[in-house]
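Chemist: Handing you this structure, nothing more for now.
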Amino acid sequence: MFTQKDRVEFDEVMDCNRPIESAVMPRWKRKALARASAAASTPGKSVVPPVCASAPVTDGTPTACRMVPSRSGMDVEVGHFALTSSGAASAAGADAETQTYRAALAANLLGGGSIEASESAAGAAAATEGACGSPEARVLAYKGKAPAAHASSLGGARVLYSQNKGTRAVHAKHTRHIPSAPEHCLDAPDLVDDYYLNLLDWSCSNVVAVALGPSVYLWNAATGSTEVMCELEGEGDYVTSVSWIKEGGGYLAVGTASADVQLWDVEKSKQVRSMAGHTARVGALDWNAHTLSSGSRDSTIMNHDVRVRDHLTATLRGHEQEVCGLKWSPDGSMLASGGNDNMLCIWDAGASGAPATASSGGMRGDVTPKFVIREHTAAVKALAWCPWNRTTLASGGGSSDRCIKTWNASTGSMLHSVDTGSQVCSLLFNSNHRELISTHGFSRNEINVWRYPTFTKVRELTGHTGRVLHMAAGPDGSSVVTAGADETLRFWNLLGEPRQQAAKDMDAARTLGRTRLVSSRSIR
């Protein structure tokens with residue numbers, strides 16, 4: 001049974017309307033005390049006694065917003081006085097200590113002028129710039145630019161900036177323009193589609209020789225005229241290689257499918273001599289002064305001295321299958337050969353004691369190669385010597401290899417290798433821009449320009465619809481001609497600007513080579 005006292009205590013506990021007594025002051029009461037303290041500390045304001053009610057104001061009118069300050073915490077009278085009073089009166093009423101501080105500050109920062117004068121001058125300058133529409137006028141700029149630093153403090157930085165600016169201008173990268181289309185295109189009907197033959201060459205007298213079936217055609221790049229130099233009469237015989245003599249350009253060597261090597265005087269349109277020795281077709285030819293080297297399907301290389309009756313001076317044995325690439329180094333000290341046996345051979349002209357010069361006449365007797373390189377996995381036809389580095393040789397492999405490799409011919413070591421993705425048919429170094437140009441067969445039929453020695457692809461040219469089998473450089477130092485299995489000759493401007501002395505060099509070359517051969521010994 002509940003007593004009366006128990007019922008009263010229970011009712012007090014269950015009464016939720018009574019205020020909860022706590023030792024912690026509520027937040028609304030603390031803010032009311034803070035406002036009262038702020039008002040009491042402001043002069044001219046009456047002290048508002050703190051609200052001591054037991055409950056917050058509940059009349060529905062908010063006391064303040066978090067974005068708009070409450071007026072009870074603002075000193076309106078002091079603000080009105082600050083806005084209506086002038087700066088001069090305020091400065092006059094300042095104490096001596098403030099005046100001393102402002103004078104010292106002006107002396108250090110403004111060079112002895114007063115702060116008021118600086119502000120007035122800055123305001124006038126800003127107004128003038130804004131009125132004149134100066135591009136340097138700034139919106140909401142209440143003062144002028146900061147004073148410039150002393151010149152001595154910027155001397156080192158100014159030198160550094162000027163040097164960097166000059167360096168950037170000097171070393172600005174320049175990408176040369178390479179035309180994407182050929183300058184000329186000529187028909188070449190009956191061009192034999194055979195990877196192992198060499199049917200195109202360009203003389204130093206600016207005449208292009210191309211073998212079309214059993215005939216050799218000459219195209220004069222200066223006049224645009226075309227003539228037939230020779231036509232083989234044997235049944236089933238056809239031209240397998242052509243090569244101009246390096247000096248003069250007046251003599252053209254012609255290899256045939258009947259294992260014969262012919263020498264023609266182009267100016268007289270006359271065959272000078274025929275040199276036998278091979279037992280199969282002659283697919284590669286190259287000159288070293290008066291020595292003509294020939295590579296054959298019988299796997300041998302023969303050196304012929306065209307000045308003497310007994311022309312055979314050396315037989316080079318090192319390949320096991322058809323020789324399809326031959327290139328003498330520019331100084332005549334080494335011969336590179338490539339074959340269908342996937343081998344690259346390097347021969348030394350001085351191996352048998354003969355002087356290793358271009359006028360030495362080449363090697364004597366039977367000679368074995370200095371290096372036999374078996375790094376390629378397909379036939380090696382494309383060969384090129386670097387004109388600015390006499391010991392660097394580039395070689396390209398067939399469709400199963402697709403790689404261009406560079407070699408140190410002095411040591412036989414490989415310098416670099418790049419997979420081109422297609423059959424490499426011919427190679428040519430561009431000394432004007434330190435580049436390597438390659439032509440390709442299956443499967444892309446393109447011409448690539450590579451930056452040497454990084455092998456970064458500079459340009460990729462298309463146009464031929466068949467394998468680009470042959471390539472030769474013109475004597476002007478800028479043009480290149482390519483011959484493709486699509487039976488076309490295309491002339492490209494790939495080498496850059498032509499040499500200034502190109503015309504004089506061609507005129508001199510027309511007579512230099514012929515004079516040297518005649519003065520040393522006549523061709524027989």
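The values are calculated or read from the model by the stated rules, or taken from the named source; none is laboratory data. This is a predicted model, so every value here is computed, not measured. For neighbour counting, all protein chains shown are included, and Cβ atoms are generated from backbone atoms with ideal geometry for every residue, glycine included.
Chemist: Could you please find all residues in region 289-316 being modelled with pLDDT of 95 or more and among the basic types (Lys, Arg)?
Modeler: Passing the criteria: only 297.
Chemist: Collect the residues in region 380-401 that are within 12 Å of residue 441 (Cβ to Cβ) and touching a Leu at 6+ places or on another chain (Cβ under 8 Å), keeping them in residue-number order.
Modeler: Those that are within 12 Å of residue 441 (Cβ to Cβ) and touching a Leu at 6+ places or on another chain (Cβ under 8 Å): 382, 396.
Chemist: Turning to a different aspect of this structure: Tell me the residue from 280, 289, 284 that is aliphatic (A, V, I, L, M), in contact with a Lys or Arg (Cβ under 9 Å, 6 or more places away or on another chain) and crowded, with 24+ Cβ neighbours inside 10 Å, please.
Modeler: Answer to the selection: 284.
Chemist: Just wondering, is there one or more residues in region 339-349 that are surrounded by fewer than 17 Cβ atoms within 10 Å (Cβ to Cβ) and either at pLDDT 95 or above or out of contact with any strand residue (DSSP E or B) (no Cβ under 6 Å at 6 or more places or on another chain) (or both)?
Modeler: no
Chemist: Here's another thing I want to ask about it. State which residue is modelled with the lowest pLDDT when the search covers only region 243-288 and only residues that are of a type in the set (Lys, Arg) and under 20 Å from residue 327 (Cα atoms).
Modeler: 246
Chemist: In the set 494, 489, which member is surrounded by 19 or more Cβ atoms within 10 Å (Cβ to Cβ), of a type outside the set (Phe, Trp, Tyr), more than 25 Å from residue 336 (Cβ to Cβ) and in contact (Cβ under 8 Å) with a residue 12 or more places away in the chain?
Modeler: Step by step, each of 494, 489 is checked, and only 489 is surrounded by 19 or more Cβ atoms within 10 Å (Cβ to Cβ), of a type outside the set (Phe, Trp, Tyr), more than 25 Å from residue 336 (Cβ to Cβ) and in contact (Cβ under 8 Å) with a residue 12 or more places away in the chain.
Chemist: Same structure, new question: Does residue 359 count as modelled with pLDDT under 95 and over 25 Å from the mean Cα position of the chain (by Cα)?
Modeler: Considered against the rule, which asks whether it is modelled with pLDDT under 95 and over 25 Å from the mean Cα position of the chain (by Cα), residue 359 comes out as yes.
Residue-wise test of (1) surrounded by fewer than 18 Cβ atoms within 10 Å (Cβ to Cβ); (2) hydrophobic (A, V, I, L, M, F, W, C); (3) part of a loop (DSSP other than H, G, I, E, B).
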| residue | (1), (2), (3) |
| --- | --- |
| 395 | no, no, no |
| 401 | no, no, yes |
| 407 | no, yes, no |
| 410 | yes, no, yes |
| 417 | yes, no, no |
| 429 | no, yes, no |
| 438 | no, no, no |
| 453 | yes, no, yes |
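Per-residue answers, yes or no, for (1) touching a Gly at 6+ places or on another chain (Cβ under 7 Å); (2) modelled with pLDDT under 85; (3) small (Gly, Ala, Ser):
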| residue | (1), (2), (3) |
| --- | --- |
| 459 | no, no, no |
| 466 | yes, no, yes |
| 472 | no, no, yes |
| 488 | no, no, no |
| 493 | no, no, no |
| 500 | no, yes, no |
| 505 | no, yes, no |
| 509 | yes, yes, yes |
| 522 | no, yes, yes |
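Chemist: Let me ask another. Which condition from (1) surrounded by 21 or more Cβ atoms within 10 Å (Cβ to Cβ); (2) in a loop (DSSP other than H, G, I, E, B); (3) at pLDDT 95 or above; (4) hydrophobic (A, V, I, L, M, F, W, C) is the one that residue 335 breaks?
Modeler: Condition not satisfied by residue 335: (2).
Chemist: With the requirement that a residue be in a strand (DSSP E or B) and of a type in the set (S, T, N, Q), what does region 271-327 give you?
Modeler: Correct list: 271, 274, 288, 291, 293, 294, 296, 300, 303, 313, 315.
Chemist: Could you look through region 366-393, keep only residues that are farther than 11 Å from residue 424 by Cβ and crowded, with 19+ Cβ neighbours inside 10 Å, and pick out the one that is farthest from the chain's Cα centre (by Cα)?
Modeler: 367
Chemist: On the given criteria, is residue 275 surrounded by 18 or more Cβ atoms within 10 Å (Cβ to Cβ), closer than 20 Å to residue 350 by Cα and more than 42 Å from the chain's Cα centre (by Cα)?
Modeler: Here the answer is no, as residue 275 does not meet what is asked.
Chemist: Out of the residues in region 463-478 that are out of contact with any helix residue (DSSP H, G or I) (no Cβ under 7 Å at 6 or more places or on another chain) and assigned to a loop (DSSP other than H, G, I, E, B), state the one that is farthest from residue 380 (Cα to Cα).
Modeler: Filtering first and then ranking leaves 478.
Chemist: So which residues in region 198-213 are outside any strand (DSSP E or B) and either within 34 Å of the chain's Cα centre (by Cα) or more than 18 Å from residue 469 (Cβ to Cβ) (or both), if there are any at all?
Modeler: Correct list: 199, 203, 204, 205, 206.
Chemist: Separate question: Give 206, 220 a once-over and let me know the one that is surrounded by 18 or more Cβ atoms within 10 Å (Cβ to Cβ) and of a type in the set (S, T, N, Q).
Modeler: Selected residue: 206, the only one of 206, 220 that is surrounded by 18 or more Cβ atoms within 10 Å (Cβ to Cβ) and of a type in the set (S, T, N, Q).
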